[in-house]
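K.L.:
Below are the structure tokens for one structure; questions will follow.
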């Protein structure tokens, strides 16, 4: 078996493993392995092939790690207005209980309302910051 064939088999195995696990790092490793196959095709020495393949895979993984650090994950669905359209809407709360809970009429139904931690309870308009089941977590506007 030629080194080129071995590189392509390893790259293909990494792609299959990535498809089974959903790990992007395996796809980046497969790109490095494919680079090793291209280096073998160009006639580089085995050491050169290994160095180039590891350099490409390492650079891609480092770039992905930096990109993920600069772009944090989205908020949970209960707090994300792109997922839950109630987040960001305003409700009117007329009276708060001593424990920081209330009820309000919203979208044609009665909802349980809870004050967001660290906020002071005062009647009036409240902005929905999170939806937990049938409970609205709100903060004063």
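K.L.:
Pick from region 69-101 the residues that are under 22 Å from the mean Cα position of the chain (by Cα) and at pLDDT 90 or above: which of them is nearest to residue 127 (Cα to Cα)?
P.N.:
By that ranking, first place goes to 88.
For every residue, the table says whether it meets (1) without any contact (Cβ under 8 Å) to a residue 60 or more places away in the chain; (2) farther than 30 Å from residue 25 by Cβ; (3) out of contact with any helix residue (DSSP H, G or I) (no Cβ under 6 Å at 6 or more places or on another chain); (4) not assigned by TED's automatic domain parsing to the domain that holds residue 7.
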position	(1), (2), (3), (4)
45	yes, no, yes, no
57	yes, no, no, no
61	yes, no, no, no
88	yes, yes, yes, yes
94	yes, yes, yes, yes
99	yes, yes, yes, yes
102	yes, yes, yes, yes
106	yes, yes, yes, yes
109	yes, yes, yes, yes
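K.L.:
Out of the residues in region 123-141 that are exposed (fewer than 11 other Cβ atoms within 10 Å of the Cβ) and touching a strand residue (DSSP E or B) at 6+ places or on another chain (Cβ under 8 Å), state the one that is nearest to residue 80 (Cα to Cα).
P.N.:
Per the criteria, the residue is 134.
The values are calculated or read from the model by the stated rules, or taken from the named source; none is laboratory data. It should be emphasised that the depicted structure is a prediction, and the values quoted were computed from it without experimental measurement. Heads up, the Cβs are rebuilt from the backbone with ideal geometry, glycines too, and the neighbour counts pull from every protein chain shown.
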